[in-house]
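Report on the structure given below.
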Amino acid sequence: MSEQGSVVRMWTGVIRTSDREAYVDYVRRTGMEAYRETPGNLDAWILTRDLGDGRTEISTVSRWTSLEAIEAFAGDDPELAVYYPEDDAYLLERDERVRHFRVE
């Protein structure tokens, strides 16, 4: 499938910079693995950005064949963020809703 017509899913949270390595590893083992195991996922990335005050912004970006493929991962409300058991131990701030963008 070409990039055109695919759907990008984006989520953002904030963690302590000191937790960056541990949380990125955790996200790789949970969300990234779940993305990649779901049919229709084309690729996924973890992005981090140091905010300079002891906090780091973390974003997940994934690309999917369709909104229906995202629903297979996220459930009936694909704009609701998906969280895992240890997220609460790391996240200082979090988006409860994700954003979806169509690749044109």
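For the chain, the per residue solvent-accessible surface stands at 57 Å², with DNA, RNA and ligands left out and a 1.4 Å probe. Multiplying the residue separation of TYR83 and GLU33 by 0.36 nm and subtracting their alpha-carbon distance yields 16.7 nm.
Pairs of Cα atoms nearer than 8 Å and 6+ residues apart set the relative contact order; for the chain it is 44 percent. Atom-type composition of the exposed protein surface of the chain places 46 percent of the accessible area on carbon and sulfur (1.4 angstrom probe). Could you tell me the distance between the Cα centroids of the range 72-96 and the range 1-69, to the nearest Å? Between the Cα centres of the range 72-96 and the range 1-69 lies a distance of 11 Å. Could you tell me which label, among (i) 17, 56, 27, 0; (ii) 17, 49, 29, 4; (iii) 15, 48, 29, 8, 0, carries the value of P(r) over Cα pairs in 10 Å bins from 0, in percent calculated for this structure? Given (i) 17, 56, 27, 0; (ii) 17, 49, 29, 4; (iii) 15, 48, 29, 8, 0, the structure-derived one carries the label (iii).
The values are calculated or read from the model by the stated rules, or taken from the named source; none is laboratory data. The structure presented is a predicted model; accordingly, all values stated were derived computationally and were not measured. Heads up: the accessible areas ignore ligands, DNA and RNA and are worked out on the full protein's heavy atoms, side chains in. Shrake-Rupley method; radii C 1.70, N 1.55, O 1.52, S 1.80 Å.
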